[in-house]
Amino acid sequence: MKDRLFERATKFVVTEGQTPFLLGNGTALIADTDADKKGRQAIKLWQMSADGKPEHAITTVSYWRPTHSRLTKALHISDIVQIASRYYLR
């Protein structure tokens with residue numbers, strides 16, 4: 001299961017959070033497209049509809065800054081795996 005989460009987290013980071021990271025319990029992680037005043041984009045937990053569309057944000061689970069650094073992207077992937085594990089296993 002960890003390998004699959006890692007692959008999905010990698011896709012999420014590569015698409016800059018615009019591909020919903022479905023958690024299997026009617027929720028998904030999605031990143032904001034607009035940055036806040038500090039230059040961060042929020043990663044939010046969303047309630048998903050039956051047809052796979054985001055309905056409403058439940059909570060903000062983390063923040064990240066857009067980057068081209070491979071090291072930073074690897075750290076983002078690690079963060080997404082940890083967040084997904086926390087919410088996926090509920």
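The values are calculated or read from the model by the stated rules, or taken from the named source; none is laboratory data. These numbers were taken from a predicted model, which means no experiment stands behind them. Counting neighbours? That spans all protein chains shown, and the Cβs are built from the backbone with ideal geometry, glycine included. Just the protein is used for accessible areas: all its heavy atoms, side chains included, with ligands, DNA and RNA removed. Shrake-Rupley method; radii C 1.70, N 1.55, O 1.52, S 1.80 Å.
Table for the structure above
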quantity	calculated
Unit charges on C-beta of K, R, D, E only; dipole of the chain, Debye	300
For the chain, accessible area per residue (1.4 Å probe, heavy atoms of protein chains only), Å²	65
Hits among lysines - C-alpha to C-alpha of K11 under 26 Å, sequence gap 8 or more where chains match	K2, K38, K44, K53, K73
The chain - percent of accessible surface contributed by carbon and sulfur, probe 1.4 Å	52
Mean ellipticity per residue at 222 nm, deg cm²/dmol - from DSSP H runs of n ≥ 4 across the chain, formula -39500 (n - 2.57)	-12000 deg cm²/dmol
Neighbour-limited loop hits for trypsin sites (Lys or Arg not before Pro), region 1-73 (at most 16 other Cβ within 10 Å; DSSP other than H, G, I, E, B)	K37, K38, R40
Listed values (1) 38, 27, 24; (2) 35, 31, 19; (3) 85, 23, 19, entry calculated as Cα extents along the principal axes in Å	(2)
